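Enquirer: Please see the structure below; I have some questions.
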Amino acid sequence: MLEAIKLTKYFGGLAAVNELNLRVNQNEILGLIGPNGAGKTTFFNVVSGFFPPTRGRVLFEGRDISRLESHDVAHQGISRTFQASTLFMKLSVLENVFTGYHMSYRTGFLKRVLHSSSARKEEEGFKKKALETLEFMGMASLKDELAANLPHGYQRTLGIAMALATDPKLLLLDEPATGMNLNEKKAVIDLIRRIRDMGITIILVEHDMKVVMDLCDRIIVLNFGQKIAEGLPEEIKANREVIEAYLGKEESKNAA
């Protein structure tokens, strides 16, 4: 579904992503892990059109999307969440999800401004879809609550709901379980599995290794912008180079 070919992104003289080759298979949950500064979020930013690559290509369903703007990438079917919450805090939960459908409007801008009958009908349809999304996420009872009043775990889940509202084929999840307690993490693992069961492919960046190992079909490990390992969770768990990347050589020797 997605392929990065010698993907490189420099910031000044620093290569945040360096000659990266990877493939994402349709309908898999791919884990992308590595120490802080490994290039994981930069990879997401390049794929989603927030940064252009310095060189290399990104192919999505065979099409080169390397130079597309972020809104054009979203129209192709790629959506993402962010490390920090990017919610409309003064809007309700339902209104937040409703904003995710803005790309799907078919009525013209003027008709929407004038609240024509066709525009009102389309808007009501999107509000219904937004409520269905919240029901799927287990948040329908919170639809009228302000986003600012939600506990942290629900705010993270609402961010995923907003990404789903764009009707993605590929979903990039940037640390979806960060700051969650154990029960919340179990709930988000179940949620991500159900999203994949809908036919949506997922790339997951996450620092909680239990979440990664429990959830991912395959894992790619980055360090200093380069891929250092790729394989099944059990293979990655036993990989010496991965252990050294996280612990350092001396610490990994002591742990052994």
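The numbers here are math on the coordinates, done by the rules we state, and not lab data. Keep in mind it's a predicted model, so treat the numbers as computed, not measured. Glycine also receives a Cβ, built like all others from the backbone with ideal geometry; neighbour counts cover every protein chain displayed.
Enquirer: Among the DSSP beta bridges whose two residues both lie in the chain, what percent are antiparallel, rounded to the nearest 5?
Expert: Roughly 55 percent of the DSSP beta bridges within the chain come out antiparallel.
Enquirer: Against the 2.2 N^0.38 Å scaling, with N counting residues, where does segment 115-210 land? I'd like the Cα-based Rg ratio to two decimal places.
Expert: Against the empirical 2.2 N^0.38 Å value, I get 1.18 for segment 115-210.
Enquirer: With a sphere of radius 12 Å drawn around the Cβ of residue 190, what net charge do the other residues whose Cβ falls strictly inside it have (Lys, Arg +1; Asp, Glu -1)?
Expert: Net local charge, residue 190 excluded: +2.
Enquirer: Still on this model: Do the sum for the chain: with -39,500 (n - 2.57) for every DSSP H run of n ≥ 4, divided by all residues, what is the mean residue ellipticity at 222 nm, to the nearest 500 deg cm²/dmol?
Expert: Rounded to the nearest 500, the figure is -11500 deg cm²/dmol.
Enquirer: Taking Cα pairs under 8 Å and at least six residues apart, what relative contact order does segment 2-255 come out at, in percent?
Expert: Taking the mean separation of contacting Cα pairs over the length of segment 2-255, I get 28 percent.
Enquirer: Moving to a separate point now. If you fit an axis through the alpha-carbon atoms of helix 152-164 and take the longest principal axis of the Cα set of the chain, what angle between them do you get, 0 to 90°, nearest 10?
Expert: Once rounded, one gets 70 degrees.
Enquirer: Let me ask you something else. Over segment 1-110, how many percent of alpha carbon pairs lie in each 10 Å bin up to the one with the longest distance?
Expert: 12, 39, 31, 15, 2
Enquirer: Another question, if that's okay. Quick check: residue separation of residue 25 and residue 141 times 0.36 nm, minus the Cα distance between them. What number comes out in nm?
Expert: Here the segment from residue 25 to residue 141 would lengthen by 38.2 nm.
Enquirer: Still on this structure, I have one more. Report the longest stretch of the chain that contains none of the trypsin sites (Lys or Arg not before Pro) sitting in a DSSP loop with at most 14 other Cβ atoms within 10 Å.
Expert: My reading of the result: 107-256 is the longest stretch.
Enquirer: I'd like the Karplus ³J(HN,Hα) series for segment 92-99: coefficients 6.51, -1.76, 1.60, θ = phi - 60°, whole numbers in Hz, and an x wherever there's a Gly or Pro.
Expert: With coefficients 6.51, -1.76 and 1.60, one gets 6, 4, 4, 5, 4, 5, 4, 5 Hz.
Enquirer: Here's another thing I want to ask about it. Based on Cβ point charges of +1 for Lys and Arg and -1 for Asp and Glu, what charge dipole magnitude is obtained for the chain about its Cα centre, in debye rounded to the nearest 20?
Expert: Around 600 debye, computed over the chain.
Enquirer: From the alpha carbon gyration tensor of the chain, can you work out the equivalent ellipsoid semi-axes (sqrt of 5 times each eigenvalue) and give them in Å, largest to smallest?
Expert: Semi-axes (√(5λ), whole Å): 34, 22, 15.
Enquirer: Quick one: net charge around residue 36, please, counting Lys, Arg +1 and Asp, Glu -1 for every other residue with C-beta under 15 Å from its C-beta.
Expert: -3
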